[in-house]
Amino acid sequence: MGDMMVEKISVLGSTGSIGKKALKIADKLGILVKGLSVFNNISLLEDQIRCFKPEKVSVFDEDAAVKLRNNIKDCRTKVLAGIDGLCEVASLESVDTVLNSVSGMIGLRPTLCAIDARKNIALANKETLVAGGSLVMNKAREKGVSILPVDSEHSAIFQCLEGCHDKKSLQKLILTASGGPFFGKSINDLKNVTKKEALKHPNWSMGDKITIDSATMINKGLEVIEAAWLFNVSPDDIEVLIHRESIVHSMIEYNDNSVIAQLGVPDMGIPIQYAFTYPDRLPSIVDKLDLSKIRNLSFCKPDNKIFKGIEICKSALKIGGTMPAIVNGANEEAVKLFLEDKISFLDISNTVEKAMNHFKSNSVASLDDILKADKEARIFVKENVFRQENKIC
Ligand code: MG
């Protein structure tokens, strides 16, 4: 792992909740922001350009990129577009670290580009490791770059492992999960839940995709895959515990049955800053944890019959090859359809399960293998839903 504080950075997904907080922290720590990327929010990006004066920015949407170029004619910042622009911002010569907080599978190619250019990665894009785990980890090893987790659970485990001198003594990872907005509900209750209800997360304020993943618990399943790759642990040694308060961000268990946990208020400021300052720590903009006010911390096992996301992802990881990419692609597409009111809440995990049963896993030799599996899974989901709708008619 890297052993120097981040000095110059590119932030991919700079107008999302992680990106905005990361810029606040970079500003406070005096980290220079050399590159930014967004999907299409050019008005906020313009504010960020005027504030941080990056060398290059990238707008995924080509039309929005043209508009932005017009709006910032008085600035020196160069505006790029599309996936190539995203990759260029991910591999800027001047930066030492790339924070990838892009939402979804789009984040995979820029992660690989950044590693190729020998940048350390602060990783908040879990789909990168879910779909491309072996590819990303092998390349990172080969190029000698660090992948520092920004997901709260993985940062917690990373912090707990700081005192671990012998990896063999590690027995288990325990990922905590808030349970999302539908914890305790029955299948019947879930039949007619709305988009608005699903988007209301009890503890965290995040983007739409991850908030829905949190409601289905697929987010936790994706995090199990992410943890398996980051910490080289088998899926059977990763347990998930529901912890409604979101104060214990995850734990590890050693072979002497000692358990180490990382605690803090539910605020991404801690994991983002730790990825920037590792192995050091600096004062934070995040509130102190006052356990006397919280009083109770509760834990229970998840209901895997109602929320199938964790088990689906664990089986996909055990099958290996392209299967995690299939599950991830099917899920991204199903979440999109749910947000467009085209399928019901329960159909999200049902659809992902169907995709997993439909496809055979292939081995992964290159990025193309992953992109192909991802694309086929998305087409399957769209066609599957179309058939269902026809049946209803
Ligand atoms: Mg998380």
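Observations on the model:
- When residues of region 161-192 are limited to those that are within 16 Å of the ligand (Cβ to nearest atom) and part of a strand (DSSP E or B), the one farthest from Ile343 (Cα to Cα): Leu173
- For Ser155: the one exception among (1) buried (at least 19 other Cβ atoms within 10 Å of the Cβ); (2) within 16 Å of the ligand (Cβ to nearest atom); (3) farther than 20 Å from Ser17 by Cα: (3)
- Among all residues of region 126-136, there is at least one that is closer than 23 Å to Ile25 by Cα, within 16 Å of the ligand (Cβ to nearest atom) and crowded, with 24+ Cβ neighbours inside 10 Å.
- Of all residues making up region 211-245, the number that are β-branched (Val, Ile, Thr), in a helix (DSSP H, G or I) and surrounded by fewer than 24 Cβ atoms within 10 Å (Cβ to Cβ): 1
- Summed over region 294-322, the residues that are under 18 Å from the mean Cα position of the chain (by Cα) and of a type in the set (A, V, I, L, M) give a count of 4.
- From the list Ile319, Ile310, Ile272, the one residue that fits, being within 26 Å of Ala377 (Cα to Cα) and within 15 Å of the ligand (Cβ to nearest atom), is Ile310.
- For region 79-138, the set of residues classified as of a type in the set (Ser, Thr, Tyr), over 12 Å from the mean Cα position of the chain (by Cα) and modelled with pLDDT of 95 or more consists of Ser91, Ser94, Thr97, Thr111, listed by residue number.
- Residues located in region 259-304, provided they are over 19 Å from Ser155 (Cα atoms) and free of Cβ contacts under 8 Å to residues at least 40 places away in the same chain: Asp290, Ser292, Lys293, Arg295, Asp303, Asn304
- Of all residues in region 193-210, those being at pLDDT 90 or above, of a type outside the set (Val, Ile, Thr) and part of a loop (DSSP other than H, G, I, E, B) number 1.
- Listed by position, the helices (runs of 4 or more DSSP H) inside region 289-347 whose residues that are under 22 Å from Ser246 (Cβ atoms) and of a type in the set (A, V, I, L, M) number at least 2 are 291-294.
Conditions tested, residue by residue: (1) of a type outside the set (D, E, K, R); (2) in a helix (DSSP H, G or I).
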position	(1), (2)
Met4	yes, no
Ser10	yes, no
Lys21	no, yes
Ser58	yes, no
Asp63	no, yes
Leu68	yes, yes
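- Scanning region 246-284 for residues that are more than 29 Å from Ile9 (Cβ to Cβ) and surrounded by 22 or more Cβ atoms within 10 Å (Cβ to Cβ) returns a single hit, Met251.
- Members of region 246-282 that are part of a strand (DSSP E or B) and among the small types (Gly, Ala, Ser): Ser250, Ala261
- Among the residues making up region 356-372, a single one is within 13 Å of Lys308 (Cβ to Cβ) and either crowded, with 16+ Cβ neighbours inside 10 Å or touching a Cys at 6+ places or on another chain (Cβ under 7 Å) (or both): Met356.
- Within region 206-251, the set of residues being under 13 Å from the mean Cα position of the chain (by Cα), under 17 Å from Cys300 (Cα atoms), in contact (Cβ under 8 Å) with a residue 40 or more places away in the chain and within 10 Å of the ligand (Cβ to nearest atom) comprises just one member, Lys220.
- Taking (1) small (Gly, Ala, Ser); (2) under 20 Å from the mean Cα position of the chain (by Cα); (3) within 23 Å of Thr211 (Cβ to Cβ) in turn, Ala373 satisfies each apart from (3).
- Summed over region 346-355, residues that are over 21 Å from the mean Cα position of the chain (by Cα) and surrounded by fewer than 21 Cβ atoms within 10 Å (Cβ to Cβ) total 4.
- Among all positions in region 34-51, there is at least one residue which is touching a Cys at 6+ places or on another chain (Cβ under 8 Å) and either farther than 24 Å from Lys209 by Cα or surrounded by 19 or more Cβ atoms within 10 Å (Cβ to Cβ) (or both).
- Verdict on Lys375 being surrounded by fewer than 20 Cβ atoms within 10 Å (Cβ to Cβ) and at pLDDT below 95: no
The values are calculated or read from the model by the stated rules, or taken from the named source; none is laboratory data. Only a predicted model underlies this, so the values are computations on that prediction, with no experimental measurement involved. Please note: Cβ atoms are built from the backbone with ideal geometry, for glycine as well, and neighbour counts cover all protein chains shown.
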